[in-house]
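Here is the structure we will look at.
The values are calculated or read from the model by the stated rules, or taken from the named source; none is laboratory data. The model shown is predicted, which means the values in this text are computed figures rather than measured ones. With ideal geometry, Cβ positions are generated from the backbone for all residues, glycine too; neighbour counts draw on all protein chains shown.
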Amino acid sequence: MGKYFGTDGFRGEANVSLTVDHAFKVGRFLGWFYGKNHEDGKARLVIGKDTRRSSYMFEYALVAGLTASGADAYLLHVTTTPSVAYVTRIDDFDCGIMISASHNPFNDNGIKLINNKGEKMREDVISQIEAYLDGETGEIPMAVGEKIGCTVDYAQGRNRYMGYLMSLAIYSFKGYRIGIDAANGSSWQIAKSIFDALGAKTYVINNEPNGVNINTNCGSTHMESLCELVKREHLDAGFAFDGDADRCLCVDENGEIITGDHVLYIYGTYMKKRDKLVDNKVVTTVMSNFGLYKAFDAAGIEYEKTAVGDKYVYECMKNNGYRLGGEQSGHIIFLKYETTGDGLVTALKMMEAMIAQKKTLGQLKAPVLIYPQVLKNIRVLDKKAAQDDADVKAAVAKVADELGDTGRILVRESGTEPVVRVMVEAKDQETCEKYVDEVIDVIKAKGYAI
């Protein structure tokens, strides 16, 4: 059986590794699978998409598959991934589907599946879908006559989500001048509408999507334009989203980047002051910066570390009741409000922390001294063998011992590529480079490199 779905859905180059046939079959399976739970065989699924040219193509293919299996497909149109999760959960849909490749370039796309609780789809359901895609299960019957599904315009769901976001703001933004980088993606209309409604004076860039410019030199993966905007216009803050707006990175009043680690510190300390930090813990991933942990230690905040991926952050939070967690990339989960990372919620919560404490983002982030980090990828013949090799392990242990409490090393495999990632954080760039190269040289010397 092929492996189509990773930790963030089925992703690939449109009509190359992810085709309309795939999308049609995913729709066929989901319509049939959830229809079995209803006496009339009629499942209800809701679909959102980002601004990629291929998103429309995949939307139509999914709808064709769903309705052919007897399900009704409700269309949110261009919207954010977290809005699909919200609407699926609140409006009692059987399943939510988001068509997006997140921060990837426009030629890629993806299918993200969300269960009726607004969470990422269970692995056992994913396995059944993959088996169907690989032809390992029987054919699914076609709906006929009045049992054929219908398509419903459901823009009202997106509007209700926007109303929910505005309800989360406990302060007016009047008097604040805010920059927004919409990445020519899902947030291109929503973000400005919300900030305008809350009273901010907004300066928006990269909000003219044309189907091929999503994430192109803009958004949370290319912060230069937003940094320049904040400095040029002397703004109070800036917020940059990725293609489907489940991530947000910020810019402070000095035009400096606020990473996801900074966000975790700023809001974590804000929660601690108000006695809202459950068990005094914040959930991070193994890729969070060493400087964040130093700052948490100084603030008396404890933390958990998970594997990379918001899926694992969410599982840790849900299982333990923690309220705040996320990734360095800006994928932040505020579990009281959402079941997934939501860039717009992150922006609203950063505004709240600023206004409530009467401080700028620059002042709030100051205790976090980000350590230089070098991350290099090496393509290998066998990821597990390379990491388990005794000499490679010895090289990693040697680096860890020499760094002591002045830095750290992390070696992990990619979830989607034949790649081992070697990351070192230390007091300066030169030290990072030196230790990363030492480990990679051993991997090469042992013959694992491609």
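Residue count for the range 79-109, restricted to those that are over 19 Å from V16 (Cβ atoms), touching a strand residue (DSSP E or B) at 6+ places or on another chain (Cβ under 8 Å) and surrounded by 24 or more Cβ atoms within 10 Å (Cβ to Cβ): 12.
Is it true that some residue in the range 32-46 is under 15 Å from G149 (Cα atoms), modelled with pLDDT of 95 or more, outside any loop (DSSP other than H, G, I, E, B) and β-branched (V, I, T)? Yes; the residues of the range 32-46 include at least one that is under 15 Å from G149 (Cα atoms), modelled with pLDDT of 95 or more, outside any loop (DSSP other than H, G, I, E, B) and β-branched (V, I, T).
Within the range 141-161, take every residue that is within 18 Å of G48 (Cβ to Cβ) and of a type in the set (A, V, I, L, M) and give me the one that is nearest to the chain's Cα centre (by Cα). Once the filter is applied, the top-ranked residue is A155. Is there a residue in the range 270-277 that is hydroxyl-bearing (S, T, Y) and free of Cβ contacts under 8 Å to residues at least 12 places away in the same chain? No, every residue in the range 270-277 fails to be hydroxyl-bearing (S, T, Y) and free of Cβ contacts under 8 Å to residues at least 12 places away in the same chain. Among residues of the range 389-413 that are in the same structural domain as V436 (by TED's automatic domain parsing) and closer than 16 Å to I378 by Cα, those with a beta-carbon under 6 Å from a residue that is among the basic types (K, R) and assigned to a helix (DSSP H, G or I) at least six positions away or on a different chain give the pairs E413/K383. The residue that is surrounded by the most Cβ atoms within 10 Å (Cβ to Cβ), counting only those in the range 199-257 that are within 15 Å of the chain's Cα centre (by Cα) and polar (S, T, N, Q), is S220. Please specify each residue of the range 32-78 satisfying the condition of being over 23 Å from I190 (Cα atoms), out of contact with any strand residue (DSSP E or B) (no Cβ under 7 Å at 6 or more places or on another chain) and of a type in the set (D, E, K, R). If the condition is that a residue be over 23 Å from I190 (Cα atoms), out of contact with any strand residue (DSSP E or B) (no Cβ under 7 Å at 6 or more places or on another chain) and of a type in the set (D, E, K, R), then K36, E39, D40 are the ones that fit.
Where strands (runs of 3 or more DSSP E) fall entirely within the range 280-383, those with at least 2 residues that are among the acidic types (D, E) are at 302-306.
A residue that is surrounded by fewer than 15 Cβ atoms within 10 Å (Cβ to Cβ), in contact with a Gly (Cβ under 6 Å, 6 or more places away or on another chain) and not in a helix (DSSP H, G or I) cannot be found anywhere in the range 424-441. Among the residues here, G138 qualifies as loosely packed, with under 12 Cβ neighbours inside 10 Å, over 24 Å from the mean Cα position of the chain (by Cα) and free of Cβ contacts under 8 Å to residues at least 40 places away in the same chain. Selection of the range 364-403 for residues being within 30 Å of E352 (Cβ to Cβ) and of a type outside the set (G, A, S) yields L364, K365, P367, V368, L369, I370, Y371, Q373. A298 satisfies every condition listed in (1) surrounded by fewer than 24 Cβ atoms within 10 Å (Cβ to Cβ); (2) small (G, A, S); (3) at pLDDT 95 or above; (4) within 22 Å of G6 (Cα to Cα) except (4). Just one of (1) free of Cβ contacts under 8 Å to residues at least 40 places away in the same chain; (2) assigned to a helix (DSSP H, G or I); (3) not assigned by TED's automatic domain parsing to the domain that holds G12 fails for K174. It is (2).
Answer yes or no: is there a residue in the range 44-54 that is under 25 Å from the mean Cα position of the chain (by Cα), surrounded by fewer than 20 Cβ atoms within 10 Å (Cβ to Cβ) and not assigned by TED's automatic domain parsing to the domain that holds N184. Within the range 44-54 (the criterion being under 25 Å from the mean Cα position of the chain (by Cα), surrounded by fewer than 20 Cβ atoms within 10 Å (Cβ to Cβ) and not assigned by TED's automatic domain parsing to the domain that holds N184), the answer is yes, since at least one residue qualifies. Scanning the range 9-53 for residues that are under 15 Å from I129 (Cα atoms) and of a type in the set (D, E) turns up just one, D21.
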